[in-house]
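This report concerns only the one structure given below.
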Amino acid sequence: MRFNSVGFALSVGMLLVVVLIGFTLLSAAGLVGFAADDVEVAQCGVGGPSDNVNPVQLIAENAKPLTGPEAAEVAAGDALFKGNCAQCHAVNEQVVGPALGGLTNRRPMSWILPWVKNSSKVVASGDEYAVAVFNKFNKQQIPSFALSDKEITSIVAYINSQEGTSMAIAAAH
C-alpha cells in the first residue's frame, strides 16, 4: 500500500482547522481559555493588584438566584427592552442614549415611570436631571411609550440583572 503524503497533510490540516474553530467557540462562550487571560484581568485592575480575580466568576458568585416570579419578570423585561429600548440604549454602554446600568441608583422608580411614558413632559416640567440628560444627548427626543408601570418595572428588573456583566466579560477576555 502506498502512502499519500498530500492527502495526509490535508487531513491533518483540516483537523487542525476544526480544533481551532471549536476552541474559538468554546473560548467565546467562556468555557476554555489561556492562563494569560487571568494575567490580563489582574493587570487591568479588575481585582486588586495582588488578587487574581476573574470578574465573570465574581459576578456569578455575588449574583443572588432569582425566584420564579423574579425570573419571569426579568424575562419579560428582556423582551420589552429588546423591542422598545435596545435601538438607542444598552445596559453597560452608551449608544444613542445613555447606558441604563445603574439607573435605579441615579433615579427612583417614581421618576423613571413618568420619564419612560413621556420624557418630553418631564423635561418641560423643568426637572433638573431630565433637562440635563436631554441637553447632554443633543436634545434627542425619547419616544413616548404606552407601557404599563408593570412593564416598565420589568424592563428595570432586566436592566438591573444585566448591570456590569458585559463589561466584566469583556475585561475577562
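The values are calculated or read from the model by the stated rules, or taken from the named source; none is laboratory data. Keep in mind that this is a model prediction, so the values were computed, not measured. As a convention, Cβ positions derive from the backbone with ideal geometry for all residues, glycine included, and neighbour counts pool all protein chains shown.
Points worth noting:
- Of all residue pairs spaced 6 or more apart or on separate chains, those with beta-carbon atoms under 9 Å, a first member in segment 71-85 that is under 14 Å from I152 (Cβ atoms) and polar (S, T, N, Q) and a second member that is in a helix (DSSP H, G or I) and at pLDDT 90 or above are N84/V116; N84/E151; N84/I155.
- Selected residue [assigned to a helix (DSSP H, G or I), among the hydroxyl-bearing types (S, T, Y), at pLDDT below 90 and within 20 Å of K82 (Cα to Cα)] from S144, S166: S166
- Residue in segment 129-140 that is assigned to a helix (DSSP H, G or I), of a type in the set (V, I, T) and buried (at least 17 other Cβ atoms within 10 Å of the Cβ) present: yes
- Segment 96-126, residues that are in a loop (DSSP other than H, G, I, E, B) and either in contact with a Cys (Cβ under 6 Å, 6 or more places away or on another chain) or crowded, with 18+ Cβ neighbours inside 10 Å (or both): V96, G97, L100, G101
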